[in-house]
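Since the structure comes first, as structure tokens, the remarks are kept for the end.
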Amino acid sequence: MKFNKGIVFVLLGAACFGFTPIFAKLGFSYGYSLGQITIAQMLISFILIWSITLIRRSSFKGLTKKNILQIMMTGCFIGLTTVFYYASMQYLPASLAIILMFQFIWIGIILEWIFSKVTPAPMTILSILLILIGVFFASNIINGDIQGLPIKGFVFGILSAFTYAGFIFFSGKVAVNVDALTRSSVMVTGSSAMVFILFMRDIPTVFPLEGNLVTVGIGVSLFGAVLPPLFYAVGAPLISGGIANILTSIELPITILLASVILSELVTPLQWVGTAIILLAIILNELGSNLFRIKRQI
């Protein structure tokens, strides 16, 4: 029963991320700049997460001056991911921006190889190749639909993948003994500070927050920074790490589906094939080695 409950919460957390492009695109359609949207998101996220942390009286045990700075620096990676991801969506369809960001999977494997000396297993290498094949189909290169799209959109998309991979890599190594909600609060403090510095010139244009910007800010904050960590905090401990990683990949098809239904973006059957290949690669990478181990034991 607990296992099923964990699956539900992790799926809900991953599904929430799929809604962030909807609100980001809505913000751009209202005429707001990248700086205004990200400032609103970080400000609202900061208030919401710290409010929850203080109301729940989360433990601050284990926090030191040194690891507070480390946690804030880790938060800068997720802040940069938000900036690059939204910047990519300014120039590209949301369905393509999310595919580019999902390259964090193989980038993260390379980071582990370089910095942690963890040599990729043959199954991992196969998964990387499948991901690249999936990207080839999902980006619709064959039909030439990406021709004419600004190259800066692709650059921002790949940058979001690198920063997200960096966030995952360092968040698993920095102050892991600190309460998860407290860590999230300190992280959002770091990401907020970085965004405010990056878009300092946009700050006067954000205040006072007007209706539409509040709507957009609440949307990207709730679905991108507040609800997913809370759902993961409840569900992840109830299931294995490999299963959790596979379940979080549902963000990819949900984002593409919502982009097609709500944003009216054209998603071809070939793009769905590419998406399916990427998901298959993720499943193989997480479960493949375990399956082979079981077969050997048999």
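At what distance in nm do the modelled label points of Lys5 and Leu263 sit from each other, each positioned 7 Å from its Cα along Cα→Cβ?
Result for the modelled spin labels: 3.6 nm.
Which entries in the list Lys152/Lys173; Lys25/Lys152; Lys117/Lys152; Lys61/Lys173 go over 21 Å, if you measure between the two C-alpha atoms of each? Could the numbers behind the result be given before it?
Working: Lys152/Lys173 32 Å; Lys25/Lys152 17 Å; Lys117/Lys152 33 Å; Lys61/Lys173 17 Å.
Those over the limit are Lys152/Lys173; Lys117/Lys152.
Between Leu280 and Arg56, what is the FRET efficiency for a Förster distance of 35 Å, r being their Cβ-Cβ separation, to the nearest 0.05?
Values: r = 39 Å, r/R0 = 1.11.
Once rounded, the FRET efficiency stands at 0.35.
For the chain, calculate the relative contact order in percent as a whole number, restricting contacts to Cα pairs under 8 Å that are 6 or more residues apart.
Values: 414 pairs, mean separation 129.6, N = 298.
That works out to 43 percent.
Return a whole-number percent for the relative contact order of the stretch 1-99, with Cα pairs under 8 Å and 6 or more residues apart as the contact set.
On the way: 20 pairs, mean separation 39.0, N = 99.
Dividing the mean separation by the residue count of the stretch 1-99 yields 39 percent.
Leaving out ligands, DNA and RNA, what percent of the accessible area of the chain is carbon and sulfur, probe 1.4 Å?
71
State to the nearest 20 debye the size of the charge dipole of the chain about its Cα centre, where the only charges are +1 on K and R beta carbons and -1 on D and E beta carbons.
1020
Mind listing the phi-derived Karplus ³J(HN,Hα) values for the stretch 154-164, rounded to whole Hz, using 6.51, -1.76 and 1.60 with θ = phi - 60°, and x for any glycine or proline?
Once rounded to whole Hz, the list reads 5, 4, 4, x, 5, 4, 5, 5, 5, 5, 5.
Using R₀ = 35 Å, calculate the FRET efficiency as 1/(1 + (r/R₀)^6) where r is the Cβ-Cβ separation of Ser33 and Ala121; round to 0.05.
With R0 = 35 Å, the Cβ-Cβ based efficiency is 0.20.
Given the peptides 81-92, 47-58, 101-112, 17-28, arrange them by the average over their residues of other C-beta atoms within 10 Å, most packed first. Mind showing how you got there, number by number?
Values: 81-92: 23.8, 47-58: 14.6, 101-112: 20.6, 17-28: 22.3.
Averaged packing, sorted descending, gives the order 81-92, 17-28, 101-112, 47-58.
Mind checking the per residue accessible area of the chain for me, 1.4 Å probe, whole number of Å²?
Numbers: 14650 Å² over 298 residues.
Value returned for the chain: 49 Å² of accessible area per residue.
Taking 0.36 nm per residue of sequence separation and subtracting the Cα-Cα distance, how much length would be gained by fully extending the chain between Met200 and Trp113, in nm to one decimal? Display every interim value, and only then the final one.
On the way: separation 87, 0.36 × 87 = 31.32 nm, distance 3.67 nm.
Length gained, Met200 through Trp113: 27.7 nm.
The values are calculated or read from the model by the stated rules, or taken from the named source; none is laboratory data. The structure displayed is predicted, hence computed values, not measured ones. In this analysis, Cβ positions are derived from the backbone assuming ideal geometry, glycine residues included, and neighbour counts consider all displayed protein chains. Surface accessibility is based on the protein's heavy atoms, side chains included, excluding ligands, DNA and RNA. Shrake-Rupley method; radii C 1.70, N 1.55, O 1.52, S 1.80 Å.
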